[in-house]
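To keep things clear, I will list the structure first and then write my remarks on it.
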Amino acid sequence: MKTTILCLLLLVGISATAQKEASTAPKATDKIEAYYFHNTRRCATCKAVEAVSQEALKAVDIQLKSLNIEEDANKSLAQKVGAAGQALILSNGTKSIDLTSKGFMYARSNPDKLKEAIQKAVKELQAQ
């Protein structure tokens, strides 16, 4: 009888701990970082990549961090995520997806295609 009561108390304690951890666990999108590295001088396409990316990421509750790669303060982060120049990169800490070429290819001519690529990358990073 004492063993049964002890087991029940133990199960209740484990269950309460698991529920607490589940409620405080970060959302999948909390761990995804989105970076747009740009130069000081920017063309219309550069600005479009940023604008379309911001719009697509806002829909999935991720904030785009737009950083000037020419500023010394941003160079170490650029190196960390693998940006050697202008770049659009999504990262979950263990994996990064470089969407730079798609950004510059589609931002002005087919923004919906860029948005789809961003959403696909977010889903891929969330699955990890």
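The values are calculated or read from the model by the stated rules, or taken from the named source; none is laboratory data. The model shown is predicted, which means the values in this text are computed figures rather than measured ones. Ideal geometry is used to build each Cβ from the backbone, glycine not excepted, and the neighbour counts take in all protein chains shown. Ligands, DNA and RNA are excluded from the accessible area calculation, which covers all protein heavy atoms including side chains. Shrake-Rupley method; radii C 1.70, N 1.55, O 1.52, S 1.80 Å.
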With (1) more than 15 Å from the chain's Cα centre (by Cα); (2) surrounded by fewer than 13 Cβ atoms within 10 Å (Cβ to Cβ); (3) under 18 Å from Phe37 (Cα atoms) as the list, and Met105 as the residue in question, which single condition is left unmet? (2)
Could you say which residue among Ser101, Ser76, Ser91 is under 15 Å from Ala117 (Cβ atoms) and of a type in the set (S, T, N, Q)? Ser101
Test: Ser66 is of a type in the set (Ser, Thr, Tyr), more than 15 Å from Ala34 (Cβ to Cβ) and not in a helix (DSSP H, G or I): no
Just checking, how many residues over segment 43-72 are free of Cβ contacts under 8 Å to residues at least 24 places away in the same chain, within 17 Å of Leu114 (Cβ to Cβ) and either open to solvent by 70 Å² or more (accessible area, probe 1.4 Å) or more than 19 Å from the chain's Cα centre (by Cα) (or both)? 4
For segment 69-111: of the residues being β-branched (Val, Ile, Thr) and part of a helix (DSSP H, G or I), which is modelled with the lowest pLDDT? Val81
Would you pick out the residues in segment 73-98 that are buried (at least 16 other Cβ atoms within 10 Å of the Cβ) and either free of Cβ contacts under 8 Å to residues at least 12 places away in the same chain or touching a helix residue (DSSP H, G or I) at 6+ places or on another chain (Cβ under 6 Å) (or both)? Ala87, Leu88, Ile89, Leu90, Ser91, Asn92, Ser96, Ile97
